[in-house]
Amino acid sequence: MSTRKRTSLRVLFVDDESSIAELMRDELPRMGHLATICQSPGSAIEAAGKNVFDAAIVDLRMPGGSGWDVIDFLREHSPETACVISTGHGDRDAAIRAIRMGAYDFLPKPVSLFEISNVLDRIAEKKALQNRAIALETRLQRAEGRSDLVGSSAPMQRVQKLIDRIAPTDSAVLILGETGTGKEMVARRIHDQSDRRNEPFVAVNCGAIPENLVESELFGHRRGAFTGADSNRTGLFEVANGGTLFLDEFGELDRAMQVKLLRFLESGEIRRVGDNEPAHVDVRIVCATNRELQQMVQRGHFREDLYFRINTFEIYLPPLRERLEDIPALALHLIARHLKRDSVPETILPPETIRLLQAHSWPGNIRELGNVLEHALILSDGEVLKPSDLPRSLQKSGVEDPRPSAGQLSAAPWRPVYASSGPLKTLRQVEEEMIWDALDRNRGDKPAAARDLGIALKTLYNKLTQIGEQRNAG
């Protein structure tokens with residue numbers, strides 16, 4: 001059974017009796033909720049126009065108006081708000097009308113604190129189930145599969161041991177590694193080994209979201225907060241409440257969003273775009289990037305205080321070329337996943353095919369391996385993946401360099417020509433060559449190259465800018 005604390009709600013409480021209003025001003029926060037107390041329909045409507053509430057407890061008869069006016073406003077402007085009607089003048093007709101208007105519950109006065117706490121707990125449970133459903137739909141759309149970490153090499157054993165120590169905590173985690181090494185798989189492994197395993201795991205690629213929509217995507221917005229905000233939106237922080245939020249390509253966040261994330265890490269509070277009131281959420285943050293954050297801090301592109309906040313624990317995920325002995329097991333796993341089977345026989349990969357796979361440098365890491373195996377499965381005419389089923393570049397591994405010649409490269413305006421630095425290459429050089437190769441394959445089409453690499457177009461442009469800066473500096 002999960003031991004996560006119950007969901008905190010933003011509650012609008014509307015009652016003209018001062019003694020009740022003052023009581024609830026103290027008791028609702030004691031129950032763990034954020035309370036906005038109003039003593040007239042007009043002030044309640046004004047508050048509902050500025051903030052999004054999860055629940056509203058509304059008295060029907062008040063001086064200067066009716067609680068029905070508040071209910072009508074919430075139905076139109078905030079239909080996801082669960083409305084609870086409380087009145088000492090309630091009768092059968094009022095109860096029927098409340099149900100027809102979509103009220104969550106009807107509580108005749110006098111109402112005890114126990115009844116209010118109970119109905120809010122039920123609303124919180126419903127909200128948590130809705131968020132889990134959204135998170136599950138997101139996971140199914142991404143076709144994630146299981147959070148298995150495949151490989152028994154020494155580097156992967158170190159990664160698994162670190163996960164075993166980190167997972168049971170609520171500490172923030174930073175996962176570093178090249179594109180395609182499986183950082184999201186590690187994040188899900190951390191989640192699945194934690195006591196949050198029965199709560200949502202929500203993954204978001206920060207580099208794939210337009211800059212003007214990042215805040216709304218993460219924190220949500222209320223209707224009318226900006227042009228095009230036609231309805232209230234629940235942000236991914238709220239969807240992940242109780243669970244884990246995985247921020248991939250974390251280094252792509254601009255400094256304004258870095259400030260907002262730092263505020264959450266320090267206070268546990270978020271604020272929807274257009275809201276005046278904050279909301280508390282219980283979310284564990286796991287971040288991942290293939291960028292060198294320390295260099296970004298030195299250049300002023302990344303906040304140093306945020307870097308220290310998220311770097312409580314750091315996991316470095318090795319590239320595939322540093323654990324070639326894991327390729328046979330990884331390949332069998334990826335083949336089974338592509339064929340939607342639990343497993344496949346080892347004979348599907350004969351020794352000569354494995355030798356070619358292990359001779360490749362894999363600049364695209366596991367993602368590239370998966371694409372190569374999918375290619376081979378499509379071409380294969382039997383139960384064995386022969387060397388001839390692999391792409392031509394792999395068939396020539398160790399025999400000749402399949403990359404275009406210098407003369408061919410000079411004809412490609414998107415790729416500079418430079419002298420080779422010898423057989424030993426740095427990680428940056430390997431990444432750079434991977435980018436040029438993708439541009440070559442796509443004849444300079446940057447959006448297509450970004451898709452081929454499995455990164456956001458903005459990330460590709462950033463990397464090309466970095467490459468240019470490094471060459472000019474050199």
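The values are calculated or read from the model by the stated rules, or taken from the named source; none is laboratory data. Quick caveat, the model's predicted, so the values are computed rather than measured. Reconstructed Cβ throughout: ideal geometry from the backbone, glycine too, with neighbour counts over all protein chains shown.
Only one residue in Arg271, Arg291 is surrounded by 18 or more Cβ atoms within 10 Å (Cβ to Cβ), out of contact with any His (no Cβ under 6 Å at 6 or more places or on another chain) and under 27 Å from Arg233 (Cβ atoms), so which one is that?
None of the others qualify; the one that does is Arg271.
If the requirement is being in contact with a Leu (Cβ under 8 Å, 6 or more places away or on another chain), farther than 29 Å from Pro363 by Cα and either assigned to a helix (DSSP H, G or I) or at pLDDT 90 or above (or both), which of these qualifies: Val204, Val214?
After applying the criteria, what remains is Val214.
Take the residues of region 155-213 that are within 26 Å of Ala331 (Cβ to Cβ) and among the polar types (S, T, N, Q): which is surrounded by the fewest Cβ atoms within 10 Å (Cβ to Cβ)?
Gln157
Yes or no, residue by residue, for (1) assigned to a helix (DSSP H, G or I); (2) in the same structural domain as Gly224 (by TED's automatic domain parsing); (3) among the hydroxyl-bearing types (Ser, Thr, Tyr):
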{"residue": "Ser19", "(1), (2), (3)": "yes, no, yes"}
{"residue": "Gly32", "(1), (2), (3)": "no, no, no"}
{"residue": "Ala35", "(1), (2), (3)": "no, no, no"}
{"residue": "Gly42", "(1), (2), (3)": "yes, no, no"}
{"residue": "Phe53", "(1), (2), (3)": "no, no, no"}
{"residue": "Ile57", "(1), (2), (3)": "no, no, no"}
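Tell me the helices (runs of 4 or more DSSP H) entirely within region 311-399 that contain at least 2 residues that are in contact with a Ser or Thr (Cβ under 9 Å, 6 or more places away or on another chain) and touching a residue at least 60 places away in the same chain (Cβ under 8 Å).
Result: 327-338, 365-379.
How many residues are in a loop (DSSP other than H, G, I, E, B) and in contact with a Ser or Thr (Cβ under 9 Å, 6 or more places away or on another chain) if we restrict to region 246-273?
2
Can you find even one residue in region 164-181 that is over 30 Å from Asn462 (Cα atoms) and in contact with a strand residue (DSSP E or B) (Cβ under 7 Å, 6 or more places away or on another chain)?
Yes, the conditions are met somewhere in region 164-181.
Search region 231-255 for residues that are under 19 Å from Gly207 (Cβ atoms) and pair each with any residue that is of a type in the set (Lys, Arg) and assigned to a strand (DSSP E or B) when their beta-carbon atoms are under 8 Å apart and the residues are at least 6 apart or on different chains.
Leu245/Arg284
Checking Val417 against (1) at pLDDT 70 or above; (2) more than 30 Å from Leu379 (Cβ to Cβ); (3) among the β-branched types (Val, Ile, Thr), which single condition isn't satisfied?
Of everything listed in (1) at pLDDT 70 or above; (2) more than 30 Å from Leu379 (Cβ to Cβ); (3) among the β-branched types (Val, Ile, Thr), Val417 misses just condition (1).
Just one of (1) surrounded by 22 or more Cβ atoms within 10 Å (Cβ to Cβ); (2) more than 21 Å from Asn51 (Cβ to Cβ) trips up Val259, so point out which.
The one condition Val259 does not meet is (1).
Among the residues of region 331-345, are any closer than 19 Å to Ile163 by Cα, crowded, with 16+ Cβ neighbours inside 10 Å and either hydroxyl-bearing (Ser, Thr, Tyr) or modelled with pLDDT of 90 or more (or both)?
Taking every residue of region 331-345 in turn, none turns out to be closer than 19 Å to Ile163 by Cα, crowded, with 16+ Cβ neighbours inside 10 Å and either hydroxyl-bearing (Ser, Thr, Tyr) or modelled with pLDDT of 90 or more (or both).
Residue by residue through region 362-392, note down the ones that are among the small types (Gly, Ala, Ser), in contact with an Asp or Glu (Cβ under 9 Å, 6 or more places away or on another chain) and farther than 17 Å from Gly182 by Cβ.
Scanning region 362-392 gives Ala376, Ser380.
I'm trying to understand the selection: among the residues of region 284-310, which are free of Cβ contacts under 8 Å to residues at least 40 places away in the same chain and either on the phi > 0 side of the Ramachandran plot or not in a loop (DSSP other than H, G, I, E, B) (or both)?
Result: Gln294, Gln295, Val297, Gln298, Gly300, Glu304, Tyr307, Phe308.
Any chance region 19-28 includes a residue that's at pLDDT 90 or above, under 33 Å from the mean Cα position of the chain (by Cα), surrounded by 18 or more Cβ atoms within 10 Å (Cβ to Cβ) and over 26 Å from Ala229 (Cα atoms)?
Yes, region 19-28 contains at least one residue that is at pLDDT 90 or above, under 33 Å from the mean Cα position of the chain (by Cα), surrounded by 18 or more Cβ atoms within 10 Å (Cβ to Cβ) and over 26 Å from Ala229 (Cα atoms).
For region 1-17, which positions are outside any loop (DSSP other than H, G, I, E, B) and either out of contact with any His (no Cβ under 8 Å at 6 or more places or on another chain) or modelled with pLDDT under 90 (or both)?
Listed by number, the residues that qualify are Arg10, Leu12, Phe13, Val14.
Inside region 199-250, can you point out the residues that are more than 23 Å from Val297 (Cβ to Cβ) and of a type in the set (Val, Ile, Thr)?
Those that are more than 23 Å from Val297 (Cβ to Cβ) and of a type in the set (Val, Ile, Thr): Val202, Thr227, Thr234, Val239, Thr244.
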